[in-house]
Amino acid sequence: MNEEIDLFEQYKTLPQEVQNILAKYDDGDNTYENCQNLVNDLETVGYTCNYDLDAMPYGLRKLVLDCPLCNCALTSFIEDSTEIRECEACGAEWEKTTGEITLNP
Ligand SMILES: [Zn+2]
């Protein structure tokens, strides 16, 4: 479950709307502001990514909006400045920063 997912490496498989957003920011001008705008734009189409200290985006992935187990909408809250989304039905937690899903049986 800990497999590193980075859809930046599978550019061609991405929906056109995502490719359009990436193309818009693909001008080599990597600033934190640009990165934040990129993340904001990606989230409007259900995706997100991280960026490193050099303002290089990485870790592009689909936003988890529904519980992978029961498909109900996740409740979002902030813990230690990290956004966590939790399923109230089964207790599964999804951490936005890492994209990791924790299942709590
Ligand atoms: Zn659930």
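Against the chain, whose longest principal axis comes from its Cα atoms, helix 16-25 is set at around 50 degrees. Mean residue ellipticity at 222 nm, helices only, the chain: -6500 deg cm²/dmol; runs of at least 4 DSSP H residues each add -39,500 (n - 2.57), and the sum is divided by the number of residues. Relative contact order of the chain, taken over Cα pairs closer than 8 Å and 6 or more residues apart, is 17 percent.
Sum up the charges of everything whose Cβ sits under 12 Å from the Cβ of A23, counting Lys and Arg as +1 and Asp and Glu as -1, but leave A23 out. Spell out each step's value before the answer.
Values: positive: K24; negative: E17, D26, D27, D41.
Taking every Cβ under 12 Å from that of A23, the sum is -3.
Order these by the 10 Å Cβ neighbour count, fewest first: L69, L38, L53.
Ordered from fewest to most neighbouring Cβ atoms within 10 Å, L69, L38, L53 come out as L53, L69, L38.
In terms of the Cα gyration tensor, with a ≥ b ≥ c the square roots of its eigenvalues, is the range 4-84 rounded because a/c is under 1.5, prolate because a/b exceeds b/c, or oblate? It comes out oblate by the Cα gyration axes. At an R0 of 30 angstrom, the distance between the Cβ atoms of F77 and D52 translates into a FRET efficiency of 0.70.
Can you sort D6, D27 so the residue with the fewest Cβ neighbours within 10 Å comes first?
Details: D6 14, D27 8.
Ascending number of Cβ neighbours within 10 Å: D27, D6.
Listed by Cβ neighbour count within 10 Å, with the fewest neighbours leading, D80, D29, D66 appear as D80, D29, D66.
Bear in mind that the values in this text are calculations on the coordinates, not laboratory data. Nothing here was measured: the structure is a model prediction, and the numbers come from that model. Neighbour counts run over all protein chains shown; Cβ positions are idealised from the backbone, glycine included.
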